[in-house]
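Right, one structure below, let's go through it.
The values are calculated or read from the model by the stated rules, or taken from the named source; none is laboratory data. Values in this document were obtained by computation on a predicted structure and should not be read as measured data. Cβ atoms come from the backbone with ideal geometry, glycine included; neighbour counts cover every protein chain shown. SASA here: full protein model, heavy atoms, side chains in, ligands and nucleic acids out. Shrake-Rupley method; radii C 1.70, N 1.55, O 1.52, S 1.80 Å.
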Amino acid sequence: ELRFHLPTATWIPQEVRDRLKSNESNRISQEGYMAISSQEHRTQLNNRKEALKKLEAILRVSWVRPKVRNMRKGLSKRTKENRKEMKRKNSLKKEGRRKVDF
């Protein structure tokens, strides 16, 4: 098992620590200790190495900043043009159905 106090881990930037706190909240105790355990191997040394690999993988995921996504507002110009064109075509189609006045 690997344990360390997340708030005092100055080797991890604050931004990444905040992301770790939100992403890996189930691994962090109320005192702020993050615990990573491994029972894959028979020896304690190999299990510690495995726990370090897990920590490295978790840090790699949390290190990357999430993309800032912008929500679209309204319709695009192209969509508006297409809708106008379809309306014009439908209007011409329906105009041809009217009675002919001689």
Do you know which residues across segment 65-102 are open to solvent by 100 Å² or more (accessible area, probe 1.4 Å) and either among the hydrophobic types (A, V, I, L, M, F, W, C) or closer than 30 Å to Leu6 by Cβ (or both)? Arg65, Lys67, Val68, Arg69, Met71, Met86, Val100, Phe102
Of everything in segment 46-89, what is among the aliphatic types (A, V, I, L, M), modelled with pLDDT of 90 or more and more than 21 Å from Arg27 (Cα to Cα)? Give them in sequence order. Val68, Met86
Those residues that are over 19 Å from Gln14 (Cβ atoms), surrounded by 12 or more Cβ atoms within 10 Å (Cβ to Cβ) and small (Gly, Ala, Ser), I need them from segment 44-64; list them, please. Ala51
Can you tell me which residue is modelled with the lowest pLDDT among those in segment 1-22 that are surrounded by fewer than 14 Cβ atoms within 10 Å (Cβ to Cβ) and within 22 Å of Glu50 (Cα to Cα)? Glu1
Out of all the residues in segment 23-43, which are surrounded by 10 or more Cβ atoms within 10 Å (Cβ to Cβ) and not β-branched (Val, Ile, Thr)? Asn23, Glu24, Arg27, Ser29, Gly32, Tyr33, Met34, Ala35, Ser37, Ser38, Glu40, His41
